[in-house]
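Working notes, beginning with the structure itself.
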Amino acid sequence: MEIHGLKITKPLEELRNSPYHHQLGLKMCAAFIARQQGIKIDTALKKVAQPVGDLWLVIAEFARHGCSIETGLDGPSQMFGPTTGSVM
């Protein structure tokens, strides 16, 4: 999948099975809802359907991929070390 020069190489099935992408997609969806409705992020998190849809998983991968391009690292594990809990 490629949009505006960003190429996503992970298949959708892999994104669906990734806890990282689910957490990031959930948080990004909540941030979008909070911004659109003018509410706090905590309130928006309660409104997000779980599991998040494929669109938010793909958006999460675009964000992860974009971050790795900017920093020259391959994702958060190289920036911060391995995660031990939920992302963000």
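Computed from the coordinates by the stated procedures, all read-outs in this text should not be read as laboratory data. Everything numeric here is computed off the predicted structure, so don't read it as measured data. Note that we place each Cβ from the backbone using ideal geometry, even for glycine, and neighbour counts take in every protein chain shown.
Return the distance in nm (one decimal) between the two label points of a simple spin-label model at K40 and F62, each offset 7 Å from Cα along Cα→Cβ.
Going by the 7 Å Cα→Cβ label model, 3.0 nm.
Please give the contour-minus-distance gain from A31 to A49: 0.36 nm per residue of separation, less the Cα-Cα distance, rounded to one decimal in nm.
Value of the extension gain: 5.1 nm.
How many Å³ per residue does the convex hull of the Cα positions in segment 9-65 occupy?
Output value, Cα hull per residue: 70 Å³.
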